[in-house]
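The values are calculated or read from the model by the stated rules, or taken from the named source; none is laboratory data. It should be emphasised that the depicted structure is a prediction, and the values quoted were computed from it without experimental measurement. Positions of Cβ are generated from backbone atoms using ideal geometry, with glycine treated the same way; all protein chains shown enter the neighbour counts.
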Amino acid sequence: MSEPLRAARPVPESVLAELKTIVGFNGYLEDAADVDPFCKSWRDDFAGAVPLVLRPQTTEEVSGLVKCCARHGIPIVPQGGNTGLTGASQPRADMSEVIISTARMNKVREIDLDNDTLTVESGVVLQQIQSIADDNQRLFPLSLGAEGSCQIGGNLSTNAGGTQVLRYGNTRALILGLEVVLPNGEIWHGLRGLRKDNTGYDMKHLFIGAEGTLGIVTAAVLRLFPKPTASETAWMGLKSPKDAVSLLSHMRSRLGDQVSGFELMQRTIIDFVLEGVPGHEDPMTSQHAWYVLAEVTGQGEPGSLAEPFTNALGEAMELGLVDDAVIASSGAQAARFWKMREDMAEAQKAIGVGIKHDVSVPVSKIAEFIERANAALLERYEGLRTCAFGHVGDGNMHFNPMSPADWSRTETFRTEREPVNRIVHDLVVELGGSISAEHGIGRLRLDENMHYKSDVEVAMMRSVKQALDPQNIMNPGKVIRL
Ligand SMILES: Cc1cc2nc3c(=O)[nH]c(=O)nc-3n(C[C@H](O)[C@H](O)[C@H](O)COP(=O)(O)OP(=O)(O)OC[C@H]3O[C@@H](n4cnc5c(N)ncnc54)[C@H](O)[C@@H]3O)c2cc1C
């Protein structure tokens, strides 16, 4: 495929006028102060500039905007809650693109309790979806630190993971149907609430995880689950990731799929939260090298999981897998444990320069990965602060080495990104893992993606992109280099 067609010039005034007419006076932002926040990433590591942020309210408006952009060859950056961590929803800096924000596409279209489905527009905020499910005695299990601002369109476009993947799968597993505006402006009406549909290629899966490079998702049919009526949560201190993996196996042997959350955290990240985010206190008086936050949920009477959970924990202590444990005595205490886990991304932002990795390996290789990656990094960077935490039940670690404490904050550890990535990602690939487990590729991991994907896989991805978006106007420069 030839190089992408990119507008080398700012979007012409005449096109801006056409776009504004499609959405009307309340449907766009153009003043720099209003537009600026849409152009910056949550971590402040990516920034760009656009002449217009378009805020359509209906699928037809989105279609009209995309048709107009396609006619004039104007690249589009689709944007949801702008909480992504890979620069995927930031534009270029040359005013040649427009952002289409789904923030005003926020209607609930249908709730079908017999079918256990909820149909929403892509701009509905994840937390609102969780609340709607909860009000109807259902669970929408996607849960992550940014849930108060991220939108379901962004969640499915990044195939977000979060803390409940162990039991319910990632976003891909939670979506039954989609409505999408394609790069030529046509609307694909795929809002089917079916659990079985064997009629050929399952097109929705192309858009899930595509990071807005194949079309703009305007609505989705979501799967709902029974709302758990019993739950137990514990914060545990451990010696090593190896023990954590054995603990997971033990808990699952005793409690099966009721183990719904299982997060591993290194002591360093607990210190970062206590130092960088106000309002937290250490859940334990004793200090440990590693911690696990585990949750079990089920359908029995409230409290009915207490005994099996406590027994399983007691056995784990006898086996020497757990050194200390605090079982939450109330929902509020469990929520405080989870808040500490959720604030880990925020804490790292406050603490200083780290090089972030969002990797997965088979669960059986987690301990080997952490041990070997840390050893290799420490050999190269004396005093480097190792920092790992994540969804160990999914084999997914956020492996974020921080600059040695005696490096000044202005000295830029970020210039070490390339050699650090090579150490970490080469090992991940050697162990049969992935360089991006849940945050996606965006711009941050574009080079890494191109480095590690096979020629065959890159060729298939390029064919799909070219078939759907021959002009390359849909979020160009993200996910795959053409
Ligand atoms: C504190 C914090 C914690 C986080 N924790 C997790 C976590 O545990 N697990 C996890 O997976 N992620 C996590 N994230 C990352 C982020 O929240 C997710 O990637 C989320 O799914 C992004 O949703 P969004 O609405 O903010 O999307 P945006 O950031 O706006 O966009 C993300 C991508 O999706 C595209 N996009 C957005 N909407 C649409 C649409 N309607 N149609 C087509 N493309 C679209 C954009 O172009 C971009 O490529 C976290 C982020 C923060 C800040």
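For every residue, the table says whether it meets (1) within 13 Å of the ligand (Cβ to nearest atom); (2) crowded, with 23+ Cβ neighbours inside 10 Å; (3) modelled with pLDDT under 95; (4) part of a loop (DSSP other than H, G, I, E, B).
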| site | (1), (2), (3), (4) |
| --- | --- |
| Glu60 | no, no, no, no |
| Arg71 | no, no, no, no |
| Val77 | yes, yes, no, no |
| Gly81 | yes, yes, no, yes |
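Among Thr410, Thr386, Thr415, which is surrounded by fewer than 21 Cβ atoms within 10 Å (Cβ to Cβ), within 23 Å of the chain's Cα centre (by Cα), of a type outside the set (A, V, I, L, M) and modelled with pLDDT under 95?
Details: Thr410 fails: within 23 Å of the chain's Cα centre (by Cα); Thr415 fails: within 23 Å of the chain's Cα centre (by Cα).
Matching residue, one of Thr410, Thr386, Thr415: Thr386.
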Practice problem: Kindly provide the set of residues from the range 20-45 that are part of a helix (DSSP H, G or I), more than 15 Å from Ala93 (Cα to Cα) and charged (D, E, K, R), ordered by number. | Solution: Lys20, Asp34
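Yes or no: the range 462-474 includes at least one residue that is under 30 Å from Val66 (Cα atoms) and touching a strand residue (DSSP E or B) at 6+ places or on another chain (Cβ under 7 Å). Steps first, answer last, please.
Taking the range 462-474 first, the residues under 30 Å from Val66 (Cα atoms) are 462-474.
The next check asks that each one be touching a strand residue (DSSP E or B) at 6+ places or on another chain (Cβ under 7 Å); those that pass are 473-474.
Yes, there is a match, as at least one residue in the range 462-474 is under 30 Å from Val66 (Cα atoms) and touching a strand residue (DSSP E or B) at 6+ places or on another chain (Cβ under 7 Å).
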Exercise. Would you check if Ile100 is modelled with pLDDT of 95 or more and more than 10 Å from the ligand (Cβ to nearest atom)?
Key: no
Exercise. Please give the number of the condition Val479 fails out of (1) surrounded by fewer than 18 Cβ atoms within 10 Å (Cβ to Cβ); (2) modelled with pLDDT of 95 or more.
Key: (1)
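Can you find even one residue in the range 370-393 that is within 16 Å of the ligand (Cβ to nearest atom), more than 25 Å from Ser286 (Cβ to Cβ) and outside any helix (DSSP H, G or I)?
Looking only at the range 370-393, we keep the residues that are within 16 Å of the ligand (Cβ to nearest atom), and these are 387-393.
Now drop any that are not more than 25 Å from Ser286 (Cβ to Cβ), which leaves none.
No, the range 370-393 has no match at all.
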Quiz prompt | Residue satisfying condition, being among the hydrophobic types (A, V, I, L, M, F, W, C), surrounded by 20 or more Cβ atoms within 10 Å (Cβ to Cβ) and more than 13 Å from Phe389 (Cα to Cα), within set Val273, Val259 | solution = Val259
Quiz item: Which one of the conditions (1) within 21 Å of the chain's Cα centre (by Cα); (2) of a type outside the set (Lys, Arg); (3) within 27 Å of Leu139 (Cα to Cα) does Ser89 fail to meet, given that it meets all the rest?
Solution: (3)
Quiz item: Within the range 119-148, can you find the residues that are surrounded by 21 or more Cβ atoms within 10 Å (Cβ to Cβ), in a loop (DSSP other than H, G, I, E, B) and more than 9 Å from the ligand (Cβ to nearest atom)?
Solution: Val124, Phe140, Pro141
Exercise. Would you confirm whether any residue within the range 149-165 is surrounded by fewer than 21 Cβ atoms within 10 Å (Cβ to Cβ) and over 19 Å from the mean Cα position of the chain (by Cα)?
Key: no
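I need the full set of residues from the range 103-118 which are buried (at least 18 other Cβ atoms within 10 Å of the Cβ) and more than 11 Å from the ligand (Cβ to nearest atom), in order please. It would help to see each step written out before you state the result.
From the range 103-118, those buried (at least 18 other Cβ atoms within 10 Å of the Cβ) are 103, 105, 111, 116-118; that's our starting set.
If the condition is that a residue be buried (at least 18 other Cβ atoms within 10 Å of the Cβ) and more than 11 Å from the ligand (Cβ to nearest atom), then Ile111, Asp116, Thr117, Leu118 are the ones that fit.
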Exercise. Examine the range 426-442 for a residue that is closer than 22 Å to Thr171 by Cα, part of a helix (DSSP H, G or I) and aliphatic (A, V, I, L, M), and state whether such a residue exists.
Key: no
Exercise. Would you tally the residues in the range 253-285 being under 25 Å from the mean Cα position of the chain (by Cα) and under 23 Å from Glu368 (Cα atoms)?
Key: 10
Practice problem: Would you confirm whether any residue within the range 16-29 is buried (at least 19 other Cβ atoms within 10 Å of the Cβ) and within 12 Å of the ligand (Cβ to nearest atom)? | Solution: no
Practice problem: Determine the pairs where a residue that is closer than 15 Å to His439 by Cβ, located within the range 143-159, has a partner that is surrounded by fewer than 24 Cβ atoms within 10 Å (Cβ to Cβ) and among the basic types (Lys, Arg) with Cβ atoms under 7 Å apart, the partner being 6 or more residues away or on another chain. | Solution: Asn159/Arg172
